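Worksheet: one structure, shown below.
The values are calculated or read from the model by the stated rules, or taken from the named source; none is laboratory data. All of these numbers come straight from a predicted model, not from anything done at the bench. Positions of Cβ are backbone-derived with ideal geometry, glycine not excepted, and every protein chain shown enters the neighbour counts. To get the accessible areas, we keep the full protein, side chains included, count just its heavy atoms, and leave off ligands, DNA and RNA. Shrake-Rupley method; radii C 1.70, N 1.55, O 1.52, S 1.80 Å.
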Amino acid sequence: MDGAGLSFNRRGIDVWPGIWLLAASREFDVVGGGIAILEERTRDASGMLAVAFTSGHIVFRHSLLVRSTDAERLAEYSDLTSGDLVGVAVETTGESRFLQIVGLIDEAGVLLTGTRVTIPGGIVVSDGSDSYRIAASGSTRNLAGRSHLEPPSAGFPRVVFFGPESVRADHLDALATGQVDALANDDISNRVAERESAGLLAVTALDTEAELGGFALDQDDEALLTCLDDKLNYLTDERNVGYAEWLGNPSVFLERAEAWTP
């Protein structure tokens, strides 16, 4: 956008948990990359307001990715039982939203009483208090390094947790080879995997709720926030131009940028 007054020096960050809080450090001004905008993510570990988010530039929904042969059997989240093993990526909205949908955590992220979680030191059992909490902004320390979850009854699915060191290809391989029965993730990622699977995988159980994704920056940098919001709102036509439009025309944002007048 000629005359926008912005320039970017891009740097990769290879650790996901808490990535948005790096915008409050001296090292980074803006952090982005599929980050869902949540009020709980604006605060640091001490509870102090640390970052602000831009206007949402993309809409996320969640869904299940399953083998095509299981698509009819696992058409809805409610079809999952303890006979099914679902893979989720830790410290993401894919994890927290899935656990909430199926009823294994409440809105505050507190695990259902009697839920058994495997951690490096053994197994811990939730007592239903906020000492056992899984949330998109971070989880209680006693659940760090979690690998598996066993529900308290047959009405809930079992869960395998993919740690920060794993990559999406590992998750897809686990599904294709039958190590898990479903992957819970954002619908955009799941749709891409479905298209690239040559009919082997299918998307089911679309979440009824939506999330907005945005960029994080230091909560005191009001001038930068205003500048970014102005440009994002224009590029997305106030969120009327999004992922679906880009998928149909990968030049859509470049075309809007070139048509912009300072």
- Tell me, please, whether a residue that is hydrophobic (A, V, I, L, M, F, W, C), open to solvent by less than 60 Å² (accessible area, probe 1.4 Å) and over 28 Å from Gly34 (Cα atoms) can be found in region 120-136. yes
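Report whether or not Asn185 is in contact (Cβ under 8 Å) with a residue 40 or more places away in the chain and open to solvent by 30 Å² or more (accessible area, probe 1.4 Å).
Yes: the conditions hold for Asn185.
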**Prompt:** Any residue at all in region 77-91 that is over 30 Å from Leu232 (Cα atoms), out of contact with any Lys or Arg (no Cβ under 9 Å at 6 or more places or on another chain), in a strand (DSSP E or B) and open to solvent by 40 Å² or more (accessible area, probe 1.4 Å)?
**Reply:** no
Taking region 208-219 and the residues there that are modelled with pLDDT under 95 and among the charged types (D, E, K, R), the one that is least open to solvent (accessible area, probe 1.4 Å) would be Glu211
With the first residue restricted to region 199-220 and required to be on the phi > 0 side of the Ramachandran plot, and the second required to be at pLDDT 95 or above and aliphatic (A, V, I, L, M), Cβ contacts under 9 Å at 6 or more apart or on different chains are Ala205/Leu64; Ala205/Val66; Ala205/Leu74; Ala205/Ala75; Ala205/Leu80; Ala205/Ile101; Ala205/Ala182; Ala205/Ala184
Within region 220-262, of all residues that are part of a loop (DSSP other than H, G, I, E, B), open to solvent by 80 Å² or more (accessible area, probe 1.4 Å) and among the polar types (S, T, N, Q), the one modelled with the highest pLDDT is Asn240
Looking across region 46-63 at residues that are at pLDDT 95 or above and under 13 Å from the mean Cα position of the chain (by Cα), the single one that is nearest to Asp229 (Cα to Cα) is His62
I'd like to know if region 72-87 contains one or more residues that are of a type in the set (Lys, Arg) and touching a residue at least 60 places away in the same chain (Cβ under 8 Å).
no
